[in-house]
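Notes follow once the structure below has been shown.
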Amino acid sequence: MPCKNCLNKPVIKLTNNNIQLCKQHFVKYFERKVLSTIKNYKLIDKNDKVGVAVSGGKDSLSVLNILNMLKEKTRRFTLEAIAIDEGIEGYRDETLETAKKFCKQNKIKLHIFSYKNEFGDTLDNFLKKSKMKACSMCGPFRRYLLNKKSKELGFTKLATGHNLDDESQTIMMNYFRRNLETSARLGPISGITKDKRFIKRIKPLYLVTEKEVATYAFLKGLTTKFNECPHNSDSYRGDVRDLLNNMEAKYPGTKHSIITSFLELLPILKESFKGFIPIQSCKNCGEPSSQEICQTCKIVEILKKKG
Ligand code: SF4
Ligand code: ZN
């Protein structure tokens, strides 16, 4: 079967509607879908200073590419990029090179912050000293730096590369763990309360699947490597991912249904959990925290004691 719109050879079959598209029509479809997500969910306002969290992987480079196109076309907002160098040898050093190259070619200002400069050492070295799981340490560090540095850089929004697969996994994980309060903060634009201490996060890839993003990144030549972090130890997410992939293979459209149902529920969740957990300011660093001392400061303190 040829492409739905012309006689060319298809490069992808969309799972939610069985449509096959050739390279040219798929790129058009993908960019239109992301741009309509930005428009329909009002992800970007006039005069926003948007920061894009880039890792150098397929998702973040796809977001950066489309937002850059939109910025050039509309001139309604400004765009910069922010990257976190965790210090993961053989992985982050490589993906950061891709990010640097892309930003240089497209004249996008890129700010890089490292665990070594901000917390005293690389993730690789911290893990040698501690029995903590990599992602339990790295996740809070990463979120902390992205929030803090984005505010310091004056970003009004932080765009991330989360796609439909990531979000449907998170939604199901929160259901399975009875963690609805966390789900209330999800959605194409994050947050349940207006709090200046949190940078608003936007997810332009919310309605496109991982397979679609990988195809787009490949066709546009954004990255040739699809490597994964060697420390990826979140087996729970891995299990949920496998489960959803199996369901999707058997019942195409499952992931889209999870997202659509969730979006119908989201306003109710947001209303129910408004101000549910009072957010304090960490006594040590001043960043928002649900406890007196934030998770990042606690981990840093433990690591300091270990020398
Ligand atoms: Fe950090 Fe875990 Fe992500 Fe690797 S997979 S970058 S260790 S949070
Ligand atoms: Zn703190």
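The values are calculated or read from the model by the stated rules, or taken from the named source; none is laboratory data. Because the structure is a prediction, the values reported are computed rather than measured. Glycine also receives a Cβ, built like all others from the backbone with ideal geometry; neighbour counts cover every protein chain displayed. These area figures cover heavy atoms from the full protein model, side chains too; ligands, DNA and RNA do not enter into them. Shrake-Rupley method; radii C 1.70, N 1.55, O 1.52, S 1.80 Å.
Simple point charges give the picture: +1 on the Cβ of Lys and Arg, -1 on the Cβ of Asp and Glu, and for the chain a dipole about the Cα centre of about 780 debye.
Taking the 0 to 90 degree range and rounding to the nearest ten, how far is the long axis of helix 295-305 tilted relative to the main principal axis of the chain, both from C-alpha atoms? Rounded to the nearest ten degrees, it is 50.
Across the chain, Cα-Cα distances exceeding 35 Å account for 19% of all pairs. For the chain, relative contact order (Cα pairs under 8 Å, six or more residues apart, normalised by length) works out to 20 percent. Do the alpha carbons of any pairs in Lys101/Lys128; Lys129/Lys203; Lys196/Lys283 sit beyond 27 Å of each other, and which pairs? Checking Cα-Cα distances, Lys101/Lys128; Lys129/Lys203 exceed 27 Å.
Where does helix 235-250 land angle-wise versus the long Cα axis of the chain, in degrees 0 to 90, nearest 10? Taking the Cα atoms of the chain, the angle to 235-250 is about 10 degrees. Per residue, the average separation of C-alpha pairs within less than 8 Å and at least 6 apart gives the stretch 1-87 a relative contact order of 22 percent. Legend: translational diffusion of the stretch 1-44 by Stokes-Einstein, Rh = Kirkwood radius over C-alpha pairs, 25 °C, 0.890 mPa s; D = 220 µm²/s. Taking a Cβ cut-off of under 14 Å around Glu89, the surrounding Lys, Arg, Asp and Glu residues balance to a net charge of -4, with basic ones at +1 and acidic ones at -1. Rolling a 1.4 angstrom probe over the chain with all protein chains present gives an accessible area of which 52% lies on carbon and sulfur atoms. One way to sum up the overall shape of the stretch 163-307 is the equivalent ellipsoid from its Cα gyration tensor, whose semi-axes run 30, 22, 16 Å, largest first. Among residues other than Thr122 with Cβ under 12 Å from its Cβ, the summed charge is -3 (Lys and Arg +1, Asp and Glu -1). The mean accessible area for residues of the stretch 233-302, using a 1.4 Å probe and ignoring ligands and nucleic acids, is 61 Å² per residue.
Taking the C-alpha atoms only, the angle from helix 210-219 to the longest principal axis of the chain is near 70 degrees. Rounded to the nearest 500, the helix-only mean residue ellipticity at 222 nm of the chain stands at -15500 deg cm²/dmol, with each DSSP H run of n ≥ 4 adding -39,500 (n - 2.57). With only the Cα atoms considered, the stretch 1-145 has a convex hull volume of 165 Å³ per residue.
When the gyration tensor of the stretch 226-284 is built from Cα positions, what are the square roots of 5 times its three eigenvalues, in whole Å, from largest to smallest?
Over the Cα atoms of the stretch 226-284, the semi-axes work out to 30, 23, 8 Å.
Scanning residues 5 or more positions from Val52 or on other chains, those with amide H under 5 Å from its amide H are Glu80, Ala81, Ile82, Ala159, with H placed 1.01 Å from N in the peptide plane.
A convex hull fitted around the alpha carbon atoms of the stretch 129-225 yields 156 Å³ per residue.
Spin-label model, Glu118 to Ile302: label points 7 Å out along the Cα-to-beta-carbon direction sit 1.9 nm apart. Computed from backbone phi, the HN-Hα couplings of the stretch 55-72 come to 10, x, x, 4, 5, 5, 6, 5, 4, 4, 4, 6, 5, 5, 4, 5, 4, 4 Hz, rounded to whole numbers (Karplus: 6.51 cos²θ - 1.76 cosθ + 1.60, θ = phi - 60°; Gly and Pro given as x). Between Lys270, Lys200, Lys46, the residue with the greatest mean-square fluctuation in the GNM of the chain (Cα pairs under 10 Å linked by springs) is Lys46. Spatially, the stretch 217-245 and the stretch 39-84 are offset by 22 Å when compared through their Cα centroids. Phi-derived couplings, Karplus 6.51 cos²θ - 1.76 cosθ + 1.60 at θ = phi - 60°, listed residue by residue for the stretch 102-112: 4, 5, 5, 4, 9, 6, 10, 5, 10, 9, 10 Hz, with x used for Gly and Pro.
Residues whose amide H falls under 5 Å from that of Ile112, counting only those 5 or more places apart or on a different chain, are Ala83, with hydrogens built in the peptide plane.
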